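Asker: Below you will find the structure I want to go over with you.
The values are calculated or read from the model by the stated rules, or taken from the named source; none is laboratory data. Keep in mind that what you see is a predicted model, and the values were worked out from it rather than measured. When we count neighbours, we look across all protein chains shown, and the Cβ atoms used for this are built from the backbone with ideal geometry, even at glycine. All accessible areas refer to the heavy atoms of the entire protein, side chains included, with ligands and DNA or RNA removed. Shrake-Rupley method; radii C 1.70, N 1.55, O 1.52, S 1.80 Å.
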Amino acid sequence: MRDRMIANGVMAPSVEIILYALNIVGNTVSIFSISALVGLITGELVRTLLLMMVFALIRILSGGYHLKSGMWCIVVSSALMSVLPHLRLTNTWTYVFTGIALLAILIFAPANYDKYARLSERYYPFLKLISAAIVAANLFIVSDVAAIAFITQALLLPFKEGGEEE
């Protein structure tokens, strides 16, 4: 791949960077595939897909804890994305979880961006604002699946350790 990029006049990244990027894609595809398959088998495919979509969106915007190994990321994330859609919340718990998640976003987000993203710190308040607005919207939408995704992400925000293994 690197040789083709160079042949086409593109400044090619190092082999290590290409492998790292492919590893991230592989992890994401694995988590999605495993979780979607479990959702399909258990009859909760729509809730599983919705949970993964909402979780991925809020995760991208607000950051959070990273496990030290890609394999552990696949195992833990697939387990969460496969089990959580089967939980049902009353409207009261949906409001409670959404409110707690909103407070966590306002306090901790964006978390670990300095370690995993190449984004200037001047954009951090914007990320916090967008994240908070998305979570706050659930106070009107009242989606239990979204509340579960938000509270799960909120629990990952305060942790600062982690990182991929070399």
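Asker: So which residue, out of VAL135, VAL29, VAL15, gets the largest mean-square fluctuation from a GNM of the chain using Cα contacts under 10 Å as springs?
Answerer: So, out of VAL135, VAL29, VAL15, the one fluctuating most is VAL15.
Asker: Take the alpha-carbon positions of the stretch 35-166, form their convex hull, and give its projected area averaged over all directions (one quarter of the hull surface) in nm². Present the calculation step by step, with values, prior to reporting the outcome.
Answerer: Details: hull surface 31.6 nm².
Projected area, direction-averaged: 7.9 nm².
Asker: Still on this structure, please answer the following. What are the membrane-span-like helices in the chain by this rule: whole DSSP H runs, Cα extent along the axis at least 24 Å, mean Kyte-Doolittle hydropathy at least -0.5? Walk me through the numbers before you get to the answer.
Answerer: Numbers: long enough: 15-42 (40 Å, 1.75); 45-62 (25 Å, 2.12); 91-108 (25 Å, 1.67); 124-141 (26 Å, 1.71).
Answer set is 15-42, 45-62, 91-108, 124-141.
Asker: While we're on this one: Counting only protein heavy atoms and a 1.4 Å probe, tell me what percentage of the chain's accessible area is made up of carbon and sulfur.
Answerer: The computed percentage sits at 71.
Asker: Once every Cα of the stretch 90-152 carries one equal point scatterer and solvent is ignored, give the base-10 log of I(q)/I(0) from the Debye formula at q = 0.13 Å⁻¹, two decimals.
Answerer: Rounded to two decimals, the profile gives -0.36.
Asker: Averaged per residue, what accessible surface does the stretch 33-74 expose to a 1.4 Å probe, in Å²? Kindly include the intermediate steps, with their values, before the conclusion.
Answerer: Values: 2250 Å² over 42 residues.
On a per-residue basis, 54 Å².
Asker: Apply 1/(1 + (r/R0)^6) to the Cβ-Cβ distance of PHE126 and ALA7, taking R0 = 45 Å, and write down the FRET efficiency to the nearest 0.05. Present the calculation step by step, with values, prior to reporting the outcome.
Answerer: Numbers: r = 39 Å, r/R0 = 0.86.
In this case the efficiency is close to 0.70.
Asker: Please provide three numbers in whole Å: the alpha-carbon extents of the stretch 1-41 along the principal axes, with the largest listed first.
Answerer: Principal-axis extents of the Cα atoms in the stretch 1-41, largest first: 46, 17, 10 Å.
Asker: Any chance you could run the full-extension gain for ASN91 through ALA137? It's 0.36 nm times the residue separation minus the Cα-Cα distance, nm to one decimal.
Answerer: On the way: separation 46, 0.36 × 46 = 16.56 nm, distance 1.43 nm.
Result for the pair: 15.1 nm of gain on full extension.
Asker: How do MET53, MET81 stack up against each other in accessible area, from largest to smallest, with a 1.4 angstrom probe? Display every interim value, and only then the final one.
Answerer: Details: MET53 125, MET81 15 Å².
From most exposed to least exposed: MET53, MET81.
Asker: Rg over Rh of the stretch 1-107, using C-alpha atoms and the Kirkwood radius, what does it come to?
Answerer: Numbers: Rg = 17.9 Å, Rh = 16.3 Å.
Expressed as Rg/Rh, it is 1.10.
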